[in-house]
Number of protein chains: 2
Amino acid sequence: MKPIETVVRALSDSHPETAARALEGLPAEDAAKILEVLPASVVGAVVERLIPHAAGEILRRIPQDRTQRLLETMSPRQSALVLQHLEESIREQVLSGMPAEAGRQLRDLMRYPPETAGGIMDLGTVSIPIDLTVQETIAFLRKAPREALHYLYVTDRERRLIGVLGMRDLLLASPRDRIEGMVHRDVKVVPATMDREEVSSIMRESRLMALPVVDEENHLLGVVRHEVAAQVAQEEAFEDMQRLVGAGADERALESVPSVVRRRLPWLAFNLGTACLAATVVGIFEDTIARFTALAVLLPIVAGQGGNTGAQALAVTIRGLAMREIGAGSRRRLLTKEALAGLTNGLSIAFLAAGAIFLWYRKPGLSLVIGLAMIVNMTTAAFTGAAIPLALRALGRDPAQSSSIVMTTVTDVVGFGAFLGFATVLAPMLG
Amino acid sequence: MKPIETVVRALSDSHPETAARALEGLPAEDAAKILEVLPASVVGAVVERLIPHAAGEILRRIPQDRTQRLLETMSPRQSALVLQHLEESIREQVLSGMPAEAGRQLRDLMRYPPETAGGIMDLGTVSIPIDLTVQETIAFLRKAPREALHYLYVTDRERRLIGVLGMRDLLLASPRDRIEGMVHRDVKVVPATMDREEVSSIMRESRLMALPVVDEENHLLGVVRHEVAAQVAQEEAFEDMQRLVGAGADERALESVPSVVRRRLPWLAFNLGTACLAATVVGIFEDTIARFTALAVLLPIVAGQGGNTGAQALAVTIRGLAMREIGAGSRRRLLTKEALAGLTNGLSIAFLAAGAIFLWYRKPGLSLVIGLAMIVNMTTAAFTGAAIPLALRALGRDPAQSSSIVMTTVTDVVGFGAFLGFATVLAPMLG
């Protein structure tokens, strides 16, 4: 018990965020043991900050009544996320053990997929009916839960959203003023089914602190809070980076080995298939390589420059698409820019590479071949790096998904084809 | 003039964010012409949303007095960003033409580098002295600027920060209550020199809507607003992705060709140097390749699998570091996990690749060589992909900066070395 006590003391003293990261780093059994002895005052704040997947793994290892009490201390949105990671039988038991209203709320929340506005909204939004006065509203606010009151939403008696009020509006009004005359009716709303990435963009562009979420009949369901939207934007950016190379979009650094393998292996197998394509191109020129083995030595340089050039264009284009910098009208301009940049960089690198190869082999023919190959290879690579995400987006697909694997295949095929093709044609100069 | 009129009408009707993206997509001369004829009612909102770099390019092409009026319609933070992108002579003229107080504020803002809390804060924060009553505060608020009043900061008479009040606190208090008795003194502050990425993490973890920025004597300088912090988090994530491949960290999709070349060419040249290392390794085994040219054909497969495996580990580790999921205590666990995942994936891919090669060449010796090389190559690649960003972070460097170039070099050297080394040792079985 000694080491556990030390850990428990250390975790109790640290920020809940730090404690959560530490628990995620432990095997789930150990984390569950620690959670059971953590002081009640901190455990809720820590569990709320766990990655939902990790929270699910840990919570299904502790007694059910304790899980239930823990979930009740958390925000409904976070509880719903965690519940979705519990096995269905446990989830149902926990839900039916809860107070009816809380259970109903959680079931509502879980109806919306996590990648939608409904999936990231907070429930229990405070709203007031439009027929109150300022005085009545203040009296109502005295009894309302303290947390998270940035805006006061105004609805009709069926909780259909009419508008919004700031606390400042109330503060500067006279007690007898009627809400109806003060409410701002041009309130920005998002439907519960809207993609969370779009919600996050709207939040950023509107500079609001919270966005109300409504159903088809304009009933107020909840709000998306600014810090949730910010987290979404950041997560989506990193997901793009991970998808780019065929890691899992939401893969975490400290996941278990089997889970990591399950996420990555399919893309590695796909990559093996596409690499065989590149190998086939090299195979076509096996006779030329047999005559000049120096060509084989230089293959990594051709592949490396093409791959890096393409990756640069790919990263910049994916970012541009995600940040909505690339409109329908600017696609052609982008492709032209990348082709020109690839050509310019290709000319410079061709010059450098040809010089280096000459110093190494003293064969001007070989320098010429690698120089020409670099120009073709790098121009194509930059163009392809921009074209792949644009094409995927135009097809309604994710512009990042494994695009670096496709891009590398194109640059390898074009690069090897150009390099070995020029070498075959210019063979008389290589001797 | 006809086409310009159409563009101007279209831009006036669209959201300022959309209009800004469209202007950035045009050559700076054309954008400047359009800006001069855009209605005064929209132009400020559009310019405020331009990337500061683009805004600088455009504004230095329009008459100086118009630039000045435009900057005055923008938020001080945004004006300061734009001013930093104007040539110094123009900047000084514009600043000295402004009202003294506005000019001083902007000069203050520009003192802090853009990557610090001071560089992203809003100026002109409303604060009240602590010796007021609620009634006096409300009277004061009636005269204060309307925008952006989430929190009311409370200071002493020298504007040193004492605490914070919510509008709701005021709303529920009696007019005679003294601010001194109501103020929340445990207010979270950030120093003006703090890195903006850290500010953004603190904002997310604290769930606040604004963070006050103070100098060394605790004077309130301004606030960082939540949507600015959210933008920072997202930008930093994409910057990591772009740095990873040696594109400019803040490179935009529609930058000019010369600027793109300037950003990317140095890393491509560096990549050429490291690719020569890989080529040298292949060169060591030139005799073996001369005997078995099939080896040259298979080089792209070895390089491709190593590169992709390494890139997966790299992306996941960089994300983990940025999101603070990887603590000092979990580094070893991460490296072990990656090595094991690389080994498992390596075994699977070795099996697949050996099978495919056997079907292709019918040479069991060649299958054995590629299988062994895959296992060594992919285990090393996954380990290296995690180790490089961890090492860079430990050295106090940026964990993303061009780490994919370094990683590819390691995987190429190890992959080619293992593959051609095994082939040389097992040469009698290849015949």
Protection proxy ranking, peptides A:174-180, A:360-366, average beta carbon neighbours within 10 Å, highest first:
A:360-366, A:174-180
Hey, what's the per residue convex hull volume over the C-alpha atoms of region B:257-430, in cubic angstrom?
131
Go through region A:63-79 residue by residue and turn each phi into a ³J(HN,Hα) via Karplus (6.51, -1.76, 1.60, θ = phi - 60°); whole Hz please, and just put x for glycine and proline.
x, 5, 5, 6, 3, 4, 5, 5, 4, 5, 7, 8, 5, x, 4, 5, 4
Hull surface divided by four, with the convex hull built on the Cα atoms of chain B: how many nm²?
28.5
Return the ratio Rg/(2.2 N^0.38 Å) for the protein assembly as shown, where Rg is computed over Cα atoms only.
1.05
Given unit charges at Cβ for Lys, Arg (+) and Asp, Glu (-), the dipole magnitude of the protein assembly as shown about its Cα centre in debye, nearest 20, is 980
Would you mind giving the mean number of other chain beta-carbons within 10 Å of the Cβ of each residue in A:168-174, as a whole number?
5
In degrees, nearest ten, helix A:2-13 long axis to first principal axis of chain A (Cα):
80
Amide proton proximity set for B:L221, modelled H, under 5 Å, gap of 5+
B:V213, B:V214, B:D215
Of the accessible area of the protein assembly as shown, with the probe set at 1.4 angstrom, what percent is carbon plus sulfur?
58
Would you be so kind as to identify which of A:V232, A:N218, A:I289 lies farthest towards the positive end of the dipole of region A:210-303, taking Lys and Arg as +1 and Asp and Glu as -1 on Cβ and the Cα centre as origin?
A:I289
Measure off 7 Å from each Cα along the Cα-to-Cβ vector at B:Y361 and B:D177, then give the distance between these two points in nanometres to one decimal.
8.2
Partner lysines for A:K33 [C-alpha distance under 16 Å; skip if fewer than 8 residues away on the same chain]:
A:K2
Dipole check, chain A, charges on Cβ (K,R +1; D,E -1), about Cα centroid: among A:T155, A:T18, A:G342 the Cα furthest to the positive pole belongs to A:G342
With the 8 Å Cα cutoff and a minimum separation of six or more residues, region A:174-229 has a relative contact order in percent of 30
Interface buried area B-A, accessible surface with 1.4 Å probe, both sides summed, nearest 100 Å², comes to 10300
Calculate the tail of P(r) for region B:78-148: the fraction of all Cα-Cα distances greater than 22 Å, expressed in %.
40
Considering the Cα positions of region B:1-142, please state its Rg to one decimal place and its Dmax as a whole number of Å.
17.6, 62
Theoretical FRET efficiency, 1/(1+(r/R0)^6), r = Cβ-Cβ of B:R262 and B:E136, R0 51 Å, to 0.05:
0.35
Please compute the average number of Cβ atoms from other chains found within 10 Å of each residue's Cβ in peptide A:320-326.
5
For region A:401-415, what does the Karplus curve 6.51 cos²θ - 1.76 cosθ + 1.60, with θ = phi - 60°, yield as ³J(HN,Hα) per residue in whole Hz, taken in order and with x for Gly and Pro?
3, 6, 5, 6, 5, 5, 4, 4, 4, 4, 5, 5, 4, 5, x
Report, for the protein assembly as shown, the % of DSSP beta bridges that are antiparallel, rounded to 5.
75
Take peptide A:270-277, look around each residue's Cβ out to 10 angstrom, count Cβ atoms belonging to other protein chains, and average those counts.
6
Nearest 10 degrees, 0 to 90: helix B:226-244 Cα axis against chain B principal axis:
20
Probe 1.4 Å - accessible area at B:H15, Å² to nearest ten
70
Rounded FRET efficiency, nearest 0.05, which uses the C-beta distance separating A:H184 from B:A144 and R0 of 22 Å:
0.70
Nearest 10 degrees, 0 to 90: helix A:88-97 Cα axis against chain A principal axis:
20
Take the alpha-carbon positions of region B:141-268, form their convex hull, and give its projected area averaged over all directions (one quarter of the hull surface) in nm².
11.2
Taking the Cα centroid of region B:203-262 and of region A:319-340, what is the distance between the two, rounded to the nearest whole Å?
22
In Å and on Cα atoms, what radius of gyration and Dmax does region A:223-317 show?
19.5, 70
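Please give me the summed charge of the neighbours of B:M98: other residues whose Cβ is under 12 Å from its Cβ, Lys and Arg +1, Asp and Glu -1.
0
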Taking the label point 7 Å from Cα in the Cβ direction, how far apart in nm is B:A144 from each other copy of itself, listed shortest first?
2.0
Out of A:Q78, A:M98, A:V47, whose Cα points farthest toward the positive end of the dipole of region A:45-108 (charges: +1 Lys, Arg; -1 Asp, Glu; placed on Cβ)?
A:V47
Provide an ascending nm list, one decimal, of label-point separations from A:R262 to the equivalent residue in each further copy; define each label point as 7 Å from Cα along Cα→Cβ.
4.9
Just to check I understand the Karplus step: with θ = phi - 60° and J = 6.51 cos²θ - 1.76 cosθ + 1.60, what whole-Hz values come out for region A:162-169, glycine and proline as x?
10, x, 9, 10, x, 4, 5, 4
Percent antiparallel among DSSP beta bridges (both partners in region A:98-252, rounded to 5)
75
Per residue accessible area of chain A, 1.4 Å probe, in Å²
41
Debye, to nearest 20: dipole size of region A:57-197, +1 on Lys, Arg Cβ, -1 on Asp, Glu Cβ
320
Amide H to amide H under 5 Å from A:T155: which residues, 5+ apart in sequence or cross-chain, H placed 1.01 Å off N in plane?
A:I128, A:I130, A:I162
Write out the trypsin sites (Lys or Arg not before Pro) in region B:250-326 meeting two conditions: DSSP loop, and at most 14 other Cβ atoms within 10 Å of their Cβ.
B:R324
Size of charge dipole - chain A - debye, nearest 20, with Cβ of Lys, Arg +1 and Asp, Glu -1, no other charges
940
Position A:A394, label points 7 Å along Cα→Cβ, spacing to each other copy in nm (shortest first, one decimal)
4.7
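The values are calculated or read from the model by the stated rules, or taken from the named source; none is laboratory data. Quick caveat, the model's predicted, so the values are computed rather than measured. Glycine gets a Cβ as well: all are built from the backbone with ideal geometry, and neighbour counts include every protein chain shown. We work out accessible area using only protein heavy atoms, side chains counted, and drop any ligands, DNA or RNA first. Shrake-Rupley method; radii C 1.70, N 1.55, O 1.52, S 1.80 Å.
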